[in-house]
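Novice: Submitted below is the structure of interest, expressed as structure tokens.
The values are calculated or read from the model by the stated rules, or taken from the named source; none is laboratory data. No experiment lies behind these values; they were computed from the predicted model shown. Every residue, glycine among them, receives a Cβ derived from its backbone with ideal geometry; neighbour counts consider all protein chains shown. These accessible areas exclude ligands, DNA and RNA; they are computed on the full protein's heavy atoms, side chains included. Shrake-Rupley method; radii C 1.70, N 1.55, O 1.52, S 1.80 Å.
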Amino acid sequence: MAGAKLSDADKDKLKELNKEEATLGAKFTAQLQAAGKGLKNTTQQPELQSMTDRAKREELFKKSWNRAEKGDANDTRKIISRIAQIRSAQAALLGFKNYAAWKLQNQMAKTPEAVEDFFSKVIPAATAKAKSEAADIQAVIDQQKGGFKLEPWDWDFYAEQVRKAKFDLDENEVKPYFELNKVLINGVFYAATQLYGITFKERKDLPVYQEDVRVFDVMDKDGKQLGLFYCDYYKRDNKDGGAWMDNLVPQSKLFGTIPVIYNVCNFAKPEAGKPALISFDDVTTMFHEFGHGLHGLFANQQYPSLSGANVARDYVEFPSQFNEHWASDPKILKNYALHYQTGAQMPQALLDKIKKASSFNQGYIFTEALAAADLDMQWHTISPGSPLEDVDKFEAEALKKTNLNLSYVPPRYRSSYFLHIWSNGYAAGYYAYSWTSMLENDAFSWFQENGGLTRANGQRFRDMILSKGNTEDLGKMFFNFRGHNPDIKPMLKKRGLL
Ligand SMILES: [Zn+2]
């Protein structure tokens, strides 16, 4: 797949192309950093939500939108049209009709056509919802006698007012019910015990790399040690942002190793003696990362390269996003969402509010992500030998072609500052986020149809999905579990788009 069987002449050609791509990718990153100083990498900027001066909002939005298109030394457009051209030439040398066809051959989707088909099914629902959200926002603007038509720089400012009126959720009301240790033991671990029969025991005798890190023995249903789980939840100055899972030791029959997994988050550390109270988003993150953890813990492979979470990009977030669903399962919630002082269960009204809040702004969020994913796919399906594209023209036509050209929902990343795809390894891969959302929601709907949270259902998911790593065709694996190919409806329903 990387050209080992090419003729010497073609190998040389490919090497030249690879070299030029790497150089341009680095140049792109450097220019973007210089052009985007003080800006977040997304199109929308967090400050827009609270800026009352409309002219200032427009100014900031345009600064973001045009950051890499000023015609100066940091203009990235020439670079990206050349990178797209190079990639199509690489694909041609390797015998593929375009770059995406080469890149997707070992992914679950397999072909760009499968991804485009997926887009064409979800775009109507996403944009319809975005349009209805836009109507809500326009109503607020009109009510306040704004006298203007909604533009992208108005969206977050007015959406925030809609959120407060319709979906308000006071974090301070919620947090006392989510104490980190209870969430971990009575929520995350408890759900895994209910579903998979595994149990956990804290180990104080094992070394840790930092004093807040905790280690647990993970025992299988027969009491045998399955692996070790390390968790490192608090923010520190010398720690990267975000949350992630990885293996310290991967499972492998070849090397006779059992998995040692860790989860990292960035929650604020409480003062000594005070409980760590976290938001429902943070709770969801813990379930998410532990879902990756289960993929690693249940791994049962010969080769580490195919073990556990070493799967395709459009599949790897399936177990983790799937595991998030248990955070709001009534039986699990009842066990962990307890007031840290009184021990009282979370009132139903508050639970309902949390649920409702999760559907806020989903039309916008989904549409902007699809627009970015669609741009990515169209840049990487250009034919070998195509001329250098005019970036703005290409982008406008691409979005128009797929009905993603809503004036008030710009793509989450514009071509000229889409770092993921030009130099961060996500080329022809940004669709994966939405694709896996389809998988996990459809898999969860299987549980809903078959009695929900039971040991038998959990065992089936473990046997057919979580223990298999990358050793079977991913599409077949999903089909065997679900009984049909992935369906978009459960995802649309979860997001409030159906
Ligand atoms: Zn993840």
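Novice: So, counting K/R as plus one and D/E as minus one, what does the shell of residues with Cβ under 14 Å around residue 120 add up to? Spell out each step's value before the answer.
Specialist: Working: positive: 121, 401; negative: 113, 116, 117, 374.
Taking every other residue near residue 120 into account, the sum is -2.
Novice: First compute the accessible area of segment 1-145 with a 1.4 Å probe, then give the percent of it belonging to carbon and sulfur atoms. Let's see the in-between values first.
Specialist: Working: 4100 of 7590 Å².
Carbon and sulfur: 54 percent of the exposed surface of segment 1-145.
Novice: Restricting the count to DSSP beta bridges whose residues both fall in the chain, what percent are antiparallel, rounded to a multiple of 5?
Specialist: On the way: 19 of 25 bridges.
DSSP beta bridges in the chain are roughly 75 percent antiparallel.
Novice: Note the per residue figure in Å³ for the convex hull of the C-alpha positions in segment 174-343.
Specialist: Numbers: hull volume 21.9 nm³, N = 170.
Dividing the Cα hull volume of segment 174-343 by its residue count gives 129 Å³.
Novice: Also, quick follow-up: Exactly which trypsin sites (Lys or Arg not before Pro) in segment 5-53 are in a DSSP loop and have at most 16 other Cβ atoms within 10 Å?
Specialist: Of the trypsin sites (Lys or Arg not before Pro), the ones in loops of segment 5-53 whose Cβ has at most 16 other Cβ atoms within 10 Å are 5, 37, 40.
Novice: Considering only protein heavy atoms, what per residue accessible area in square angstrom results for segment 174-343 with a 1.4 angstrom probe? All intermediate terms of the calculation are to be shown ahead of the outcome.
Specialist: Values: 7370 Å² over 170 residues.
On a per-residue basis, 43 Å².
Novice: Then there is this: May I ask you to derive the FRET efficiency for residue 52 and residue 268 from their Cβ-Cβ distance with R0 = 30 Å, giving the value to the nearest 0.05? Mind dumping the intermediate values first?
Specialist: On the way: r = 29 Å, r/R0 = 0.96.
The computed FRET efficiency comes out at 0.55.
Novice: Still on this structure, please answer the following. With no solvent and one point per C-alpha, what does the Debye sum give as log10 I(q)/I(0) for segment 14-82 at q = 0.14, 0.15 Å⁻¹?
Specialist: Reported log10 I(q)/I(0), two decimals: -0.51, -0.57.
Novice: Quick one: Debye curve from the C-alpha atoms of segment 411-498, no solvent, what's log10 I(q)/I(0) at q = 0.13, 0.22 Å⁻¹?
Specialist: Rounded to two decimals, the profile gives -0.56, -1.08.
Novice: Which three lengths, in whole Å and largest first, does segment 451-498 cover when its Cα atoms are put on their principal axes?
Specialist: 34, 26, 16
Novice: Also, quick follow-up: Between segment 441-498 and segment 189-228, what's the alpha-carbon centroid distance in Å?
Specialist: Between the Cα centre of segment 441-498 and that of segment 189-228, the gap is 25 Å.
Novice: So what's the convex hull volume per residue for the Cα atoms of segment 232-290, in Å³? If you can, show how the numbers build up before the last one.
Specialist: Details: hull volume 6.3 nm³, N = 59.
About 108 Å³ per residue, rounded to a whole number.
Novice: Right, another one. Report P(r) for segment 312-461: all Cα-Cα distances, bin width 5 Å, range 0 to the bin holding the largest distance, values in whole percent.
Specialist: Cα pair-distance distribution for segment 312-461, in percent: 2, 8, 13, 15, 14, 12, 11, 9, 7, 5, 3, 1, 0, 0.
Novice: Report the antiparallel proportion of the DSSP beta bridges in segment 174-343 as a percent, rounded to a multiple of 5. Don't skip to the answer; put the middle values down first.
Specialist: Details: 18 of 24 bridges.
DSSP beta bridges in segment 174-343 are roughly 75 percent antiparallel.
Novice: Hey, another quick one. Ratio of alpha-carbon Rg to the 2.2 N^0.38 Å globular estimate for segment 1-116, to two decimals, please. Walk me through the numbers before you get to the answer.
Specialist: Working: Rg = 19.1 Å, N = 116, 2.2 N^0.38 = 13.4 Å.
Scaled against compact globular proteins, the figure is 1.43.
Novice: Here's a follow-up. Going toward the positive end of the dipole of the chain, with +1 on Lys and Arg Cβ and -1 on Asp and Glu Cβ, which of 335, 146, 183 do you reach last?
Specialist: Positive-most Cα among the choices belongs to 335.
Novice: Could you order peptides 142-154, 82-94, 225-237, 53-65 by the average number of other Cβ atoms within 10 Å of their residues, highest first?
Specialist: Top to bottom by mean Cβ count within 10 Å: 82-94, 225-237, 53-65, 142-154.
Novice: What is the Cα convex hull volume of segment 297-337 when expressed per residue in Å³?
Specialist: 77
Novice: Further question on the same structure: Label points 7 Å out from Cα along the Cβ direction at residue 489 and residue 257: separation in nm?
Specialist: If labels sit at residue 489 and residue 257, their model points lie 4.4 nm apart.
Novice: Now, a different point. Arrange the peptides 317-325, 259-267 so that the one whose residues have, on average, the most other Cβ atoms within 10 Å appears first. Before the final figure, lay out each step's value.
Specialist: Details: 317-325: 23.9, 259-267: 21.0.
The densest-packed peptide leads the list: 317-325, 259-267.
Novice: Ok, one more. Taking θ as phi - 60°, what are the ³J(HN,Hα) couplings along segment 123-134 by the Karplus curve (6.51, -1.76, 1.60), each to the nearest whole Hz, with x for Gly and Pro?
Specialist: Whole-Hz 3J(HN,Hα) from phi for segment 123-134: 4, x, 5, 5, 6, 4, 5, 4, 5, 6, 5, 4.
Novice: Protein chains only, probe 1.4 Å: how do 10, 170 rank by accessible area, largest first?
Specialist: I get 170, 10, largest accessible area first.
Novice: Distance from the Cα centre of segment 232-292 to that of segment 110-125, in angstrom?
Specialist: Measuring centre to centre over Cα atoms gives 33 Å.
Novice: A follow-up question, please. May I ask you to give the solvent-accessible area per residue for segment 48-126, in square angstrom, as obtained with a 1.4 angstrom probe?
Specialist: Numbers: 3530 Å² over 79 residues.
With the other protein chains kept in place, segment 48-126 gives 45 Å² per residue.
Novice: At R0 = 45 Å, how high is the FRET efficiency between residue 30 and residue 135 if r is their beta carbon distance? Nearest 0.05 is fine. It would help to have the intermediate numbers written out before the result.
Specialist: Numbers: r = 42 Å, r/R0 = 0.94.
Computed FRET efficiency for residue 30 and residue 135 comes out at 0.60.
Novice: If you wrap the chain's Cα atoms in a convex hull and average its projection over all directions, what's the area in nm²? Kindly include the intermediate steps, with their values, before the conclusion.
Specialist: Details: hull surface 102.9 nm².
Averaging across all directions leaves 25.7 nm² for the Cα convex hull.
Novice: Follow-up question, since we're still on this one. Please work out how much length the chain gains when fully extended from residue 1 to residue 235, using 0.36 nm per residue of separation minus the C-alpha to C-alpha distance, in nm with one decimal.
Specialist: On the way: separation 234, 0.36 × 234 = 84.24 nm, distance 4.02 nm.
Extra length available between residue 1 and residue 235 comes to 80.2 nm.
Novice: What figure, in Å² to the nearest 10, do you get for the accessible area of residue 1 with a 1.4 Å probe and non-protein molecules left out?
Specialist: 120
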